[in-house]
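The next block holds one structure in the form of C-alpha cells; read it before the comments.
Read the figures in this text as sums done on the coordinates, not as results from a lab. Because the structure is a prediction, the values reported are computed rather than measured. Please note: Cβ atoms are built from the backbone with ideal geometry, for glycine as well, and neighbour counts cover all protein chains shown.
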Amino acid sequence: MSDFGKDTGKDAGTDPTGTNLIPEPRSVRAVPGETGHVLREDTGLDARPGTEHVARWLRATVGAATGLPLAPHRGGRSRVLLRILPGLGEGEGDGHGPEAYRLTVDGRHVEIAGASAAGVFRGAQTFRQLLGPAAFRRASVTGKREWELPPVVVEDAPRFGWRGVLLDVARHFTPKDGVLRFLDLLAAHKLNVLHLHLTDDQGWRLEIDRYPRLTEVGAWRARTKLGHRASPLWDERPHGGFYTKDDIREIVAYAAERHITVVPEIDVPGHSQAAIAAYPELGNTDVVDTAALSVWDTWGVSPNVLAPTDRTLAFYEDVLTEVLELFPSPFVHLGGDECPKDQWKASPAARARIETEGLGDEDGLQSWFIRHFDRWLAERGRRLVGWDEILEGGLAPGATVSSWRGYAGGVAAAKAGHDVVMCPEQRVYLDHRQADGPDEPVPIGYVRTLEDVYRFEPVPPELTGEAAARVLGAQANLWTEVTETQQRVDYQAFPRLAAFAEAVWSALPAPAERDYRGFERRMTAHYARLDALGVDYRPPGGPRPWQRRPGLLGRPIDGAPPIV
C-alpha cells in the first residue's frame, strides 16, 4: 500500500474559540488562563531536524506577509517551535497517520508538532489562518510589528489520504506559473494530490525528448470552440503551450515542498487525437487517413483512437519511460475513458488483434491496452489508475479506479478488492455550474452549489468494512473546455474547493447531519483569506459583472439522474 492513508472514522470537533478554521479540525480548545502569544521582531523559528523546509516556507510566506524576519531561534522570549513527534500519528490506535499535527499556542511559545514533516506543514497552514487574512498576502500591508495569536490547542488529522484536485491543462493550457499558484491554493486547504490531465484530443502538454512532434505539432490547435460544442462561436486565435521537462521538475519539486503529490495523466487509448496528429502511425490507418488529422479544435469525444498495434504499445512505453523519470508519484493515470469503438469495429487489424489475443470484443481490446500498461508500470514499481471505464472488458489486476460516472464503478471495484478514488461528476465536477440563474457563466452540467459539495460523502453506504477501506479518498475534477483563463478557474473552483477540502479532511458526520450553517459562518472569514490570496471566487450572492459570460452557450442538465 502507498503512503496515501485511510478513513480514521472520528467525529469532527467543535470550535468554541471562534477561530473559523477551514477545513474544520478534529479538536480546537482554548487554553484556560493563557493570554495567547505575540509574534514580534525577535520571534525566532526553532526548527528541529526534519522541519527545516517548513521553516523556510514560513519565512517566505508568513514572514513576508507580516514583515517579521522569523530568524532562527537564539534563545529569545518568543519562539515558534517546529518538531516531529512520530507517535502523534498513532493516537488511540486509530491510525491518524503522517499528516497528524498538534498546534499549541500559549504565553510561552507556539509549538507545531507533526507525526512527520507533512504533519508539521499541515499545522503551519492552521497557524497561518490563526494570524488572520493579512497573513495570506505577499507583502506586509498592516504596518503592525506585533501579531497576536489566540491561546488554543488544535489537534487534527485528515480523514482521507487522497485529497485531490484534477486540473485539465490539455483543453486550455495553464502556464507553469499558474500551476505553481494553484499548488499554493491546494496547500492552503490541506489538499495533497494534484492530478494533471496532460494529454487529450485538443492538446499534448508534456515535452517528450524521443518524440518531439508531440509538442511541435500536438501542443497547438488552429482555433478553439467558444462555449459548448453546439455553440456557433469560435475563437480564431491559435491556442497551445506545453511544459518543458525542467518546468515539470520545478512543478513537482514545488509540490513536494508542500507535501503534494503530482499524478500525471497520459490518456490511452481514447482522447488521443493530438498524439495521432503528431504521429499518424498511432491511429487506425487501415480505416482512416490519419495523416490528414489535426489537433482537435472542438469539444466532446473524438472518434480517432489509438490503433491496437505493437508499435503503439512501444511508443507509449517510450513516453511513459520519460514520464516516470519526471514524476515520482506512486500512481500514474492512464485515462482509459470514453473510447469510441467504431474504428476498431471497422479495422481488420483490430479484429485480428481481438482474435489473436482471445479478447472477445472491442471492450476486451480496451482492457488489453490497460492490462498491458498495468503490468508494465507494476514492473517498475508504479501503480496504474484509470477512469471507471477500465472496468469494461475486465479490470487489470493492480489497477486503481477513479469513479467519475457516479459511485457504481467505485463500488464494484472496491468490492472486487481494488483501491478507489471517488470523483462522481454529479457531486464534485467543478466545471459544472454553481447555480441555475441566467447570470451563471457558460452553464455546464448539473447545478452543484457550495452546500451540495459540502455534503459530498466519498464512501457510499453500501461499502462497509474492508471494501470501504479501499476508498483511498476523493478528488474534485476541474475540466477546462469553457474555463480558459486563471480567472475562470478561480471562479469555478472557489469557494466550492473549500467545501470539498473539508469533506475529505474533516471527520464529518453523515451528509444530512452536517452543520452547513456553521460552515457558512466560517466561510465569511475564509472569503477574506481568499481575497488576500487574490482568488477571483464566486461570491455567495452570485457572479460579479465581470464574471458573467453573456452569449456563450453552455450545456445545462436540468434534472440530475440518480447517483448510481
- Message: Give me the percent relative contact order of the chain, please, defined on Cα pairs under 8 angstrom at least 6 residues apart.
- Response: 15
- Task: Under 19 Å from a label point 7 Å along Cα→Cβ of GLU338: give me every residue in region 442-464 with its amide N that close.
- Result: 442-448
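I need the calculated FRET efficiency for the pair SER140 and ALA292, taking r as the beta carbon distance and R₀ as 60 Å, to the nearest 0.05. Intermediate values should be presented prior to the final figure.
On the way: r = 58 Å, r/R0 = 0.97.
The formula returns an efficiency of 0.55 here.
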- Item | Long-range HN-HN contacts of VAL263 with modeled amide H, under 5 Å | LEU194, HIS195, LEU196
- Given backbone amide H placed at 1.01 Å from N, residues whose amide H is under 5 Å from that of TYR446, ignoring those fewer than 5 places away on the same chain, are ARG433, ILE557
- Task: Measure nothing fancy, just the Cα-based angle from helix 496-505's long axis to the longest principal axis of the chain, in degrees from 0 to 90, nearest 10.
- Result: 80
- Query: So for the pair ARG56, GLN487, with labels modelled 7 Å out along Cα→Cβ, what separation do we get in nm?
  - Reply: 3.5
- Query: Relative to the longest principal axis of the chain, what angle (0 to 90°, nearest 10) does the C-alpha long axis of helix 176-188 take?
  - Reply: 50
- Item | Sites THR524 and GLU355 - FRET efficiency at Förster radius 56 Å, r taken between beta-carbons, to 0.05 | 0.30
- Query: Using the Karplus equation 6.51 cos²θ - 1.76 cosθ + 1.60 (θ = phi - 60°), what ³J(HN,Hα) coupling, rounded to whole Hz, does each residue of region 190-201 give in order, writing x for Gly and Pro?
  - Reply: 6, 8, 9, 9, 10, 8, 9, 7, 8, 9, 6, 4
- What's the angle, to the nearest 10 degrees (0 to 90), between helix 245-257's Cα axis and the longest principal axis of the chain? 40
- Find the lysine pairs in the chain meeting two conditions, Cα atoms under 26 Å apart and a separation of 8 or more places or different chains, and report how many there are. 8
- Message: Below 12 angstrom from the Cβ of GLN125, what's the summed charge of the other residues (Lys, Arg +1; Asp, Glu -1)?
- Response: +2
- Along region 403-409, what does the Karplus equation 6.51 cos²θ - 1.76 cosθ + 1.60 (θ = phi - 60°) give for ³J(HN,Hα), rounded to whole Hz, x for Gly and Pro? 8, 10, 8, x, 8, 4, x
- Item | Alpha-carbon centroids, region 197-213 and region 416-440: separation in whole Å | 26
- What percent antiparallel are the DSSP beta bridges of region 27-156, to the nearest 5? 60
- Could you pull out every residue, at least 5 positions away or on a different chain, whose amide H is within less than 5 Å of the one on TRP220? Hs are placed 1.01 Å off N in the peptide plane, and Pro or chain starts have none. TRP204
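Out of all DSSP beta bridges in the chain, what portion is antiparallel? Express it as a percent rounded to 5. Mind dumping the intermediate values first?
Working: 23 of 67 bridges.
Among the beta bridges of the chain, antiparallel pairing accounts for roughly 35 percent.
When a footprinting reagent is the concern and you count Cβ atoms within 10 Å, what order do ASP342, ASP515, ASP247, ASP431 take, fewest first? Please report the intermediate quantities before stating the final value.
Values: ASP342 12, ASP515 15, ASP247 19, ASP431 22.
Lowest to highest Cβ neighbour count: ASP342, ASP515, ASP247, ASP431.
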- Item | Centre separation in Å (Cα based) which lies between region 457-508 and region 245-294 | 24
- Item | Efficiency of FRET between ARG375 and ALA256 - r from beta-carbon atoms, R0 22 angstrom, step 0.05 | 0.20
- For region 74-87, in residue order, the Karplus 3J(HN,Hα) values (coefficients 6.51, -1.76, 1.60; θ = phi - 60°; whole Hz; Gly and Pro = x) are 10, x, x, 6, 10, 8, 10, 9, 10, 8, 9, 10, x, x
- Query: For labels at THR449 and ARG548 in the simple 7 Å Cα→Cβ model, what's the distance in nm?
  - Reply: 2.1
